[in-house]
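Participant: Before I ask anything, let me first share the structure, which is written out below as structure tokens.
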Amino acid sequence: MKTLVTMGRGGTGKTSFVAMQTKYFLEQDEAPFLLVDIDPDQNLAEMVGVDLEKEGIKTIAELVTDTFIKKGGTMTGIAPVERIENRVLREGLYEGSHFDLIAVGTKWIEGCYCMPDAALKGALGVLTKNYRYVLVDSPAGLEHLNRKITAAVNDIFDVMGPSHKSFAHVLRADRITREVGIAFDRFFVVGGCLFPSGLEAKAQVETGREYLGKIVFDSMVQESVIAGRSLLDIPVSSPAYRSVCTLMEKAGYGEAGSG
């Protein structure tokens with residue numbers, strides 16, 4: 001099993017990248033695999049054509065709210081995280097024919113994401129052994145690294161936007177992963193569709209990480225995202241999708257590598 005985590009500042013195209021990674025692994029016949037959405041904006045399901053509400057699947061935050069607020073569950077006795085963990089596996093996991101999906105969802109009460117994140121971490125400990133790949137879509141900030149939702153990662157992809165802050169994000173993410181003890185094998189930087197051409201060498205030198213390439217801007221992808229359509233339905237000839245295929249192959253997945 002390999003865990004691939006995608007992160008980056010808001011608006012760089014992280015979730016679109018994860019959705020096209022999903023399409024790539026489907027085309028490579030690598031199913032089944034697990035998608036994990038830890039972004040509170042909760043866009044990954046829509047981008048891969050899954051309506052969680054219609055499917056009767058709850059986010060972890062919704063399950064926490066239902067258990068400890070709506071039903072007045074006590075926070076004493078059995079550890080709250082242990083109590084919610086079984087519900088996450090029963091009611092919070094979308095199981096599709098090719099991939100499964102689990103989402104943290106929007107914050108359940110005022111305060112931090114500590115309990116939903118802990119419940120997700122516990123559920124992942126049970127689930128991940130059943131998949132060849134686990135693809136994680138991270139939120140825009142870096143707080144999730146401090147909470148160590150994923151303590152061991154194979155590959156990190158940081159999607160960069162056209163700003164100095166994107167460079168700083170990579171450096172901070174690199175530092176935090178080491179400080180909190182998140183083990184990882186490789187850390188790649190990827191140019192988002194708005195990342196200026198000609199900055200490839202700068203990106204690699206200033207971040208100290210391998211620059212895989214850029215996600216090509218594609219109006220088909222933009223239109224699909226705006227309309228709420230699944231990116232799994234874009235044609236394989238899509239320039240954006242072809243660029244993601246090239247990035248994944250360069251990282252060692254699929255036709256050009258062993259994965």
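Participant: If you take the residues in segment 39-56 that are in contact with an Asp or Glu (Cβ under 7 Å, 6 or more places away or on another chain) and among the hydrophobic types (A, V, I, L, M, F, W, C), which one is farthest from Met7 (Cα to Cα)?
Facilitator: Ranking the qualifying residues of segment 39-56, first place goes to Ala45.
Participant: Considering segment 121-148 alone, what residues qualify as being modelled with pLDDT of 75 or more, in a helix (DSSP H, G or I) and among the hydrophobic types (A, V, I, L, M, F, W, C)?
Facilitator: If the condition is that a residue be modelled with pLDDT of 75 or more, in a helix (DSSP H, G or I) and among the hydrophobic types (A, V, I, L, M, F, W, C), then Ala123, Leu124, Val126, Leu127 are the ones that fit.
Participant: Quick one: Met160 ticks every box in (1) under 17 Å from the mean Cα position of the chain (by Cα); (2) at pLDDT below 85; (3) under 21 Å from Phe217 (Cα atoms) except a single one, so which number is it?
Facilitator: (2)
Participant: Here's something else I'd like to know. Can you tell me which residues in segment 52-75 are modelled with pLDDT of 75 or more and surrounded by fewer than 16 Cβ atoms within 10 Å (Cβ to Cβ)?
Facilitator: Glu53, Lys54, Glu55, Gly56
Participant: Go over the candidates Asp174, Asp158 one by one and state the one that is of a type in the set (D, E, K, R), buried (at least 21 other Cβ atoms within 10 Å of the Cβ) and in contact with a strand residue (DSSP E or B) (Cβ under 8 Å, 6 or more places away or on another chain).
Facilitator: None of the other options fit; the residue is Asp158.
Participant: Next question, about the same structure. Would you check which residues across segment 189-219 are surrounded by fewer than 17 Cβ atoms within 10 Å (Cβ to Cβ) and aromatic (Phe, Trp, Tyr) and list them?
Facilitator: The one that is surrounded by fewer than 17 Cβ atoms within 10 Å (Cβ to Cβ) and aromatic (Phe, Trp, Tyr): Phe217.
Participant: Another question, if that's okay. List the number of the failed condition for Gly49; all other conditions in (1) farther than 21 Å from Val18 by Cβ; (2) at pLDDT 90 or above hold.
Facilitator: Answer for Gly49: the failing condition is (1).
Participant: Working only within segment 200-231, note down all residues that are more than 26 Å from Phe187 (Cα to Cα) and in a loop (DSSP other than H, G, I, E, B).
Facilitator: Gly228, Arg229, Ser230
The values are calculated or read from the model by the stated rules, or taken from the named source; none is laboratory data. Because the structure is predicted, anything quoted here is derived from the model rather than measured. Note: ideal-geometry Cβ built from the backbone for every residue, glycine included; neighbour counts use all protein chains shown.
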